[in-house]
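Visitor: So that we are looking at the same thing, I have put the structure below in structure tokens.
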Amino acid sequence: MKKVLVIEDEKNILKGLMDNLKAEGFDVIGESIGKNGLATALGENVDLILLDLMLPDMSGLDICREIKKKKISVPIIMLTAKSKESDKILGLELGADDYITKPFSVNEVIARIRAVLRRVAVHDKAKKEKLENYEFDDIKVDFVKYEAWRGKKLLKLSKREFEVLEYFIKRKGEVVTRNDLLDVVWGYETFPTTRTVDNFVARIRKQIEKKPADPQYLLSIRGAGYKFTHD
Ligand code: CA
């Protein structure tokens, strides 16, 4: 049974979410005070957190930041009355996986929870499997020797660039978020920013793409991340 933590100070919303999630078969913990919610997030092994952005004692963004600082890899869906793009972007940058604007329907919340949990399961599976080699068009990649070739030309990729490329290939055809990559390749070890990911992608494109400015393999998906694809 998946355990969901709901951090929400509006009592009727908290109760409504808890009742419905229980009815859907989730194990639910509810917290109405931010610092208690954070303590539960850090102390209990929860599978997902529904986090209100506006709490009286601390903001949802601060809670999000604290959780990521402790290197706890738990998906977070932010709940908010604000629909300002800047809040959304800040939340996603801080590691929130999704964002729901109030007022919402419970069915929407449940659908989003299931979608995020599915995505996490795919991500965890890709994280565990090691790819040995891969070929696309005239490119050959050997992930054991960390060597890549375009025809007879040896491509210049660092070990970490190989790891980023490997993760993209394992999730071919799917949108990979910057946070997915931070989690799998960097593990939040040195607090790289999402900008770091963009720089890595730019360097990989320079090696594998015929026209790095107009990529055919590593595509940018606006507002979401990147997608690796080939015929
Ligand atoms: Ca609130």
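The values are calculated or read from the model by the stated rules, or taken from the named source; none is laboratory data. This is a predicted model, so every value here is computed, not measured. Neighbour counts run over all protein chains shown; Cβ positions are idealised from the backbone, glycine included. Heavy atoms of the whole protein, side chains included, go into the accessibility calculation; ligands, DNA and RNA do not. Shrake-Rupley method; radii C 1.70, N 1.55, O 1.52, S 1.80 Å.
Visitor: If Lys and Arg each add +1 and Asp and Glu each add -1, what is the summed charge of the other residues whose beta carbon sits under 11 Å from the beta carbon of LYS152?
Guide: +2
Visitor: Continuing with this model, one more query. Quick check on my link table: of LYS128/LYS172; LYS35/LYS71; LYS35/LYS102; LYS70/LYS170, which ones sit more than 20 Å apart, alpha carbon to alpha carbon?
Guide: Exceeds cut-off: LYS35/LYS102; LYS70/LYS170.
Visitor: Using a ≥ b ≥ c from the Cα gyration tensor of the stretch 1-66 (square roots of the eigenvalues), is it rounded, prolate or oblate, where a/c under 1.5 gives rounded and otherwise the larger of a/b and b/c decides, a/b for prolate? Walk me through the numbers before you get to the answer.
Guide: Details: a/c = 2.37, a/b = 1.33, b/c = 1.78.
It comes out oblate by the Cα gyration axes.
Visitor: Leaving out same-chain residues fewer than 8 places away, which lysines sit with a Cα under 18 Å from that of LYS3?
Guide: Within the straight-line limit of under 18 Å, LYS3 reaches these lysines: LYS15, LYS22.
Visitor: Right, next: So what is the relative contact order of the stretch 3-127, in percent, for Cα pairs below 8 Å that sit 6 or more residues apart?
Guide: That works out to 22 percent.
Visitor: Can you find, among GLN207, TYR134, VAL184, the residue sitting farthest towards the positive end of the charge dipole of the stretch 129-231, where Lys and Arg contribute +1 and Asp and Glu -1 at Cβ?
Guide: In the stretch 129-231, that residue is GLN207.
Visitor: Shifting gears a bit: Would the chain count as rounded, prolate or oblate if I go by the C-alpha gyration tensor, calling it rounded below 1.5 in a/c and otherwise prolate when a/b exceeds b/c, oblate otherwise?
Guide: Taking the square roots of the gyration eigenvalues as a ≥ b ≥ c, the chain is prolate.
Visitor: If you count the DSSP beta bridges with both ends in the chain, what percent of them are antiparallel, to the nearest 5?
Guide: 50 percent
Visitor: Order GLU135, GLU129, GLU147 by their accessible area, 1.4 angstrom probe, all chains in place, largest first.
Guide: Listed by decreasing accessible area, they come as GLU135, GLU129, GLU147.
Visitor: Follow-up question, since we're still on this one. Take every Cα pair under 8 Å in the chain that's 6+ residues apart, average their separations, divide by the length, and report that relative contact order as a whole percent.
Guide: Reported as a whole number, the value is 12 percent.
Visitor: Between the stretch 1-62 and the stretch 192-231, how many Å separate their Cα centres?
Guide: The stretch 1-62 and the stretch 192-231 have Cα centres spaced 35 Å from each other.
Visitor: Oh, and also: Counting only other residues whose beta carbon sits under 12 Å from that of ILE204, what net charge do I get with K and R as +1, D and E as -1?
Guide: Details: positive: LYS156, ARG160, ARG203, ARG205, LYS206; negative: GLU161, GLU163, GLU166, ASP198, GLU209.
Overall, the nearby charge balance is 0.
Visitor: In Å², and per residue, what accessible area does the chain have when probed at 1.4 Å with the other protein chains present?
Guide: About 52 Å² of surface per residue is accessible.
Visitor: Measure off, as a whole percent, the carbon and sulfur share of the 1.4 Å-probe accessible area of the chain, all protein chains present.
Guide: Working: 6120 of 12100 Å².
Ligands and nucleic acids excluded, carbon and sulfur reach 51 percent.
Visitor: Note down the net charge around GLU129, summing +1 for each Lys or Arg and -1 for each Asp or Glu among other residues with Cβ under 12 Å from its Cβ.
Guide: The answer is +3.
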